[in-house]
Structures are given as C-alpha cells and as structure tokens.
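Since the structure comes first, as structure tokens, the remarks are kept for the end.
The values are calculated or read from the model by the stated rules, or taken from the named source; none is laboratory data. Worth saying up front: this structure is predicted, and the values here are computed from it rather than measured. Positions of Cβ are backbone-derived with ideal geometry, glycine not excepted, and every protein chain shown enters the neighbour counts. Side chains included, ligands, DNA and RNA excluded: accessible areas come from the protein's heavy atoms. Shrake-Rupley method; radii C 1.70, N 1.55, O 1.52, S 1.80 Å.
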Amino acid sequence: MIKSIKNIACCMAIALFALACKKDDGAYNYENEANVFDGNAYAYLKSQTGKYDSLLKVCERVSWAKDTLTNSKAITLFSLTNRNFSVALNALNNLRLSQNKKALGIANLDADQLGILLDRYIVSNKITTDSLHFADGAFLTSTHFKYGMNAQELNSNASGYVFGGPKGVVYSDVKNSQYTKEWKSATTQAVNIETNNAIIHVLSASHEFGFGEFLIRLNK
C-alpha cells in the first residue's frame with residue numbers, strides 16, 4: 001500500500017514537472033505574430049481610422065510619397081502616428097510663440113522640407129525583425145533621396161527568460177556619421193505588419209517626427 005502511494009506521488013510529480021516545462025517553453029519561445037493586410041501600405045494607413053491621419057496629410061503634400069507607398073514593390077515603412085506629429089508641432093509652435101510668429105500646421109509647412117524628413121521613414125526592401133540580428137544592426141537606404149539609416153533588433157525579457165519577450169526595433173538616423181553617439185534613435189511599439197508591398201513597423205509615441213531636425217527645417 002505504501003509503495004503504491006509512493007508510485008502515485010511520483011507520477012503526479014512527473015506530470016507537474018512536465019506541465020511546468022511546457023509553460024516555460026511557451027514563454028521562452030515567444031513569437032511576435034505578424035499582422036497581414038490584404039492591400040498596399042497606403043491602403044493600410046487609410047484603413048486604420050484615427051491613427052495615421054497626420055501621416056496621410058503629409059503624404060498628400062509630398063508629391064512622391066503616396067505613389068511610393070502604393071506602387072513600390074518592396075519597401076519598409078517606419079510608420080508615424082498622429083502623436084509623433086503632434087509632439088513635433090507642439091515644439092515648433094511653442095518656439096514660434098516665443099518669437100511672435102504665427103502657429104503652423106501640416107497644411108502650411110514647407111512641402112519640400114517635409115519630404116526630406118518623411119523620406120527617412122521609408123526604406124528599400126522588406127525588413128522584418130528577423131533581418132536585424134547583426135550586432136551593428138542593418139544599414140538601410142531610403143527610397144527617394146537614398147539617405148542612410150540604421151535598424152537594430154530590440155529584444156525584451158519575459159517570465160525570467162532573457163530575450164523571451166516581444167521583439168522591437170531601434171531605428172536610427174545615422175546623421176551621415178560613423179559614430180553612434182551622434183545618431184538619433186527611435187523605438188517601435190509594433191512590428192512586422194505585412195502588406196502586399198511592404199513591412200510596417202510603428203514607432204513609439206514618444207518619437208518626434210524629424211529625428212531632431214523638425215524645428216531647424218520648418219521654422220521658416
């Protein structure tokens with residue numbers, strides 16, 4: 001009888017251990033599931049009501065932008081939300097107020113300068129987080145002005161496991177410099193959204209459109 005009880009206890013212990021291992025394995029092998037959208041990058045932005053209105057307005061003002069997002073075969077968009085533009089516009093208009101200048105909005109900003117900055121968020125080829133394992137990330141080229149950018153995979157921890165959580169991207173304007181201390185960087189809040197012609201990574205709300213150049217270029 002005692003031997004039978006010991007056997008039952010042993011079996012229960014093995015079962016509990018196996019269950020724990022299964023749960024741990026699930027956390028350790030976390031995968032950030034990519035969303036898939038049946039349409040091009042521009043159509044995706046239009047479908048997300050209330051999230052990308054400012055970016056769409058900029059695309060209307062920059063002559064090549066809509067065509068790039070609609071017709072390019074393989075691009076990556078580091079997408080800007082309304083918040084990214086409001087941060088930049090608030091800083092600009094606070095400065096202009098101190099200079100006794102009229103406030104500006106997207107509709108009356110210099111379109112050429114908007115295009116120079118927007119270009120830095122659209123790069124050639126489809127770049128998912130799986131493409132960014134390199135120690136120095138990947139050096140990328142913008143689609144219109146062939147400007148140099150850098151993207152590096154960002155890993156987070158989960159359930160006590162190193163790099164077991166959601167993946168992200170650190171996206172940097174390298175400022176034509178080999179020294180990383182001179183780069184301006186942003187992180188993502190969502191990654192690997194797949195459309196017919198693009199991979200989209202959504203930048204975090206704290207990022208200010210322009211990588212530090214918005215005030216300089218647009219306070220005219």
Query - Of all residues making up the range 96-120, the number that are open to solvent by 30 Å² or more (accessible area, probe 1.4 Å) and β-branched (Val, Ile, Thr) - result: 1
Query - Subset of the range 43-88 [among the basic types (Lys, Arg) and either closer than 14 Å to residue 115 by Cβ or crowded, with 22+ Cβ neighbours inside 10 Å (or both)] - result: 57, 61, 66
Query raised in the report: For the range 80-113, how many residues are assigned to a helix (DSSP H, G or I), free of Cβ contacts under 8 Å to residues at least 60 places away in the same chain and more than 26 Å from residue 171 (Cβ to Cβ)?
Result: 4
Requested in this report: Could you check, for the range 150-162, whether at least one of its residues is closer than 19 Å to residue 120 by Cβ, modelled with pLDDT of 95 or more, touching a strand residue (DSSP E or B) at 6+ places or on another chain (Cβ under 9 Å) and surrounded by fewer than 18 Cβ atoms within 10 Å (Cβ to Cβ)?
Outcome: no
Query raised in the report: Which residue pairs have Cβ atoms closer than 8 Å, lie 6 or more positions apart in sequence or on different chains, and pair a first residue in the range 174-192 that is within 30 Å of residue 36 (Cβ to Cβ) with a second residue that is among the aromatic types (Phe, Trp, Tyr)?
Result: 185/171; 186/78; 186/171; 186/211; 187/171; 188/78; 188/171
Query raised in the report: Pairs under 9 Å by beta carbon, first residue within 24 Å of residue 40 (Cα to Cα) in the range 195-220, partner open to solvent by 10 Å² or more (accessible area, probe 1.4 Å) and acidic (Asp, Glu), six or more apart or different chains?
Result: 195/38; 196/38; 200/194
Report summary line: The residue that is nearest to residue 58 (Cα to Cα), considering only those in the range 121-149 that are among the hydrophobic types (A, V, I, L, M, F, W, C) and surrounded by fewer than 18 Cβ atoms within 10 Å (Cβ to Cβ), is 145
